[in-house]
Amino acid sequence: MKIPTTRILIYLILVLFTVFYIIPMYIMILTGMKSFSEVGLSTMWNLPRSLNFESFRLAWLGSAKGGFRGLSGSFLNSLWLVIPATIISAIFGSLNGYVLTKWRFYGSDLIFTMILFGMFIPYQSIIIPLVLTLQKLHVYGTIPGLILVHVIYGIPISTLIFRNYYITVPTEMVEASKIDGANFLGIYRWIIFPLSTPGFAVAMIWQFTSIWNDFLFGLIVTPNPASQPITVALNNLAGSYIVQWNVQIAGALLTALPPILVYIFLGKFFLRGLMQGSLKG
Amino acid sequence: MRLKRDKLMPILFIMPSVITVGVFVYGFISWTGFISFTKWNDVLPNYTLIGFENYRKLFANMRFQIDLRNTLVFTVIFVISCLLIGLLLAIFLDQKIKSEGIFRNLFLLPMAISFVVSGVIWRWLFNPGSIQLGNIGVNQLFEKLGLNFLTCGWYTDPKIGIIAVAIAAIWQFSGYTMALYLAGLRGIPIELREASAIDGADKWQIFYYIIFPLLRPITFGAIIILGHISLKIFDLVVAMTGSGPAFSCDVPALFMYDTTFRGNHFAQGASIAIILLLLISLLIIPYLISTFRKEA
């Protein structure tokens, strides 16, 4: 059997791109597992001779002697930040999506478009008033303050995700229950909410990943190292000249781990969120 | 009575979000706009209005001029490469490829990772090394493969610094464009291709006359999304290079951060933010309006 050359070429190019996409992961995992004696920059591409997790230990715990903080504290900060922010913004998204698809009123499409705009703005354009407001509310520099920020600026995307999901729920079901005398809350409680699991999965996974990966808000809202999220702590770790590069790379892997695990185990929902961020309806 | 309540409840429930977005998006943008017209270029607020003075200074500023040029170069390279790579990979994956799922998942994996993480890794990969160390990172890889002509200074070279950053961004986002195109290709009814094949069209003609025109809305959407990402780019630059030699990797978002939060020039920083917002609005507002029109 002869395989046509075009097919070989296609596979070759696909493999080539695979290399491009996985090289950074390869370096991350490889470097993290090398012992300090063999992590030299000039042997970056060599396979480790033995397994050693010292880099991870240092990136996680830091080193009093080396004079740098580990990422463990900020890893927990990120966790305490992401969990409530994700749940709250999903609840907002669900209610908004419900209203915007099943209880449309004059101007509701305009409201949706106006909310959606908030998803695209550069946050630089709101950050100065935001800092001033958070200071007034006495939550500047705190994790609750950062949760508030993520909930607020998560409203557009979570509304979009739920709206796109509820559009697929037949409106006849809602109309029929209206005739049967069910009211706004009753329909949500007994019809829409029980059907919402996929919507919540997509919205929460999307929010989990994007809040975990956020850098700008963390950088500006929580300047204090004790309440910093992990991306900001990683940037500090990696920007420090006293931290060896293998510790920086191990720190990068620790930071990337939760979203990567989500991607591996719940990739289907992640992908759906990804597509909805760009394609409407 | 019941009818009235049924009209009221939905509005009552969406109001908190509407008010929040109203204040924190539209209100704050106006506030930033106001600050950009004031004299507040010190730690303490000073709301004396000075008209467009901050904007005049901004456009006369060398760093900002470099930033605009960098943004243009970055956007063009980033958007076009993502579209081409994305389309190519999508078409290839659509050819009944074995283990398509594995390829697809690997191509998309970078999307799940924070810009800060990729910035840290690419900083080391694009580290050009030194005389003592010799070639390291990607340069060393090229050397080992006998591709010495490809070695260069990457982000340490003022001429191509911004391109190095663009490559990292392409690494992160081209898989996403692939996913968009693949979804588009899968949405094209197979009958349409078969019918044209029966009519005697060859593979290229089918692509050119049937498939590409049908993918046009996806290309349009992808340009908007990628374009607005590239105008906003910040995290990646901070983690990977910072401003770079002679601001060769600098971007407006980073300039805004430095000006405002390191230099305490709040009004000047606000003016950069407003210009950034205007540039992004030029892309996004027509897109939102056209989506809104379609649905109304």
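FYI, it's all coordinate maths here, none of it is from the lab. The shown structure was predicted, so the numbers you read here are calculated from the model rather than taken from an experiment. For neighbour counting, all protein chains shown are included, and Cβ atoms are generated from backbone atoms with ideal geometry for every residue, glycine included.
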Neighbours of A:SER196 by Cβ distance under 13 Å: Lys/Arg at +1, Asp/Glu at -1, summed charge +3
Where is the GNM fluctuation largest for chain A (alpha-carbon springs, 10 angstrom cutoff): A:PHE215, A:PHE105, A:PHE200? A:PHE105
Restricting to aspartates and glutamates and to Cα separations under 20 Å from A:LYS65, and discarding same-chain partners fewer than 8 apart, the set is A:GLU54
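Could you work out the relative contact order of the stretch A:72-276? I mean the mean sequence separation of Cα pairs under 8 Å and 6+ apart, divided by the number of residues, in percent.
Result for the stretch A:72-276 is 33 percent.
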With a sphere of radius 14 Å drawn around the Cβ of B:ILE77, what net charge do the other residues whose Cβ falls strictly inside it have (Lys, Arg +1; Asp, Glu -1)? +2
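Which pairs, out of A:LYS102/B:LYS7; A:LYS102/A:LYS178; B:LYS57/B:LYS232; B:LYS96/B:LYS203, put more than 19 Å between their alpha-carbon atoms?
B:LYS57/B:LYS232
Restricting to Cα pairs below 8 Å that are 6+ residues apart, what does the relative contact order work out to for chain B? Please round to a whole percent.
Normalised by residue count, the contact order of chain B is 29 percent.
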Compute, for the stretch A:72-276, the length of the dipole vector about the Cα centre, with Cβ point charges of +1 (Lys, Arg) and -1 (Asp, Glu) only. Units Debye, rounded to 20. 60 debye
What helices does chain A hold that run 27 Å or longer along their axis, going by alpha-carbon atoms, with a Kyte-Doolittle average of -1.0 or more, using DSSP H for the helix calls? A:5-32, A:72-102, A:143-166, A:245-276
Which is farthest toward the positive dipole end of the stretch B:69-266 among B:LEU182, B:GLN205, B:TRP154, measuring Cα position about the Cα centre, with Cβ charges +1 (Lys, Arg) and -1 (Asp, Glu)? B:TRP154
Taking Cα centroids, how far is the stretch B:11-70 from the stretch A:149-208 in Å? 35 Å
Take every Cα pair under 8 Å in the stretch A:29-104 that's 6+ residues apart, average their separations, divide by the length, and report that relative contact order as a whole percent. 20 percent
How much net charge surrounds B:ALA246 when only other residues with a Cβ under 13 Å from its Cβ are counted (Lys, Arg +1; Asp, Glu -1)? 0
Quick one: putting +1 on the C-beta of Lys and Arg, -1 on the C-beta of Asp and Glu, what dipole do you get for the stretch B:69-266 around its Cα centre, in Debye to the nearest 20? 160 debye
Note: A:127-136 gets an average of partner chain Cβ contacts (10 Å, Cβ to Cβ) equal to 5
Any DSSP H helix in chain B with Cα axial reach of 18 Å or more and mean Kyte-Doolittle score of at least 0.5? Listed by number, the hits are B:2-21, B:62-93, B:161-186, B:212-232, B:266-295
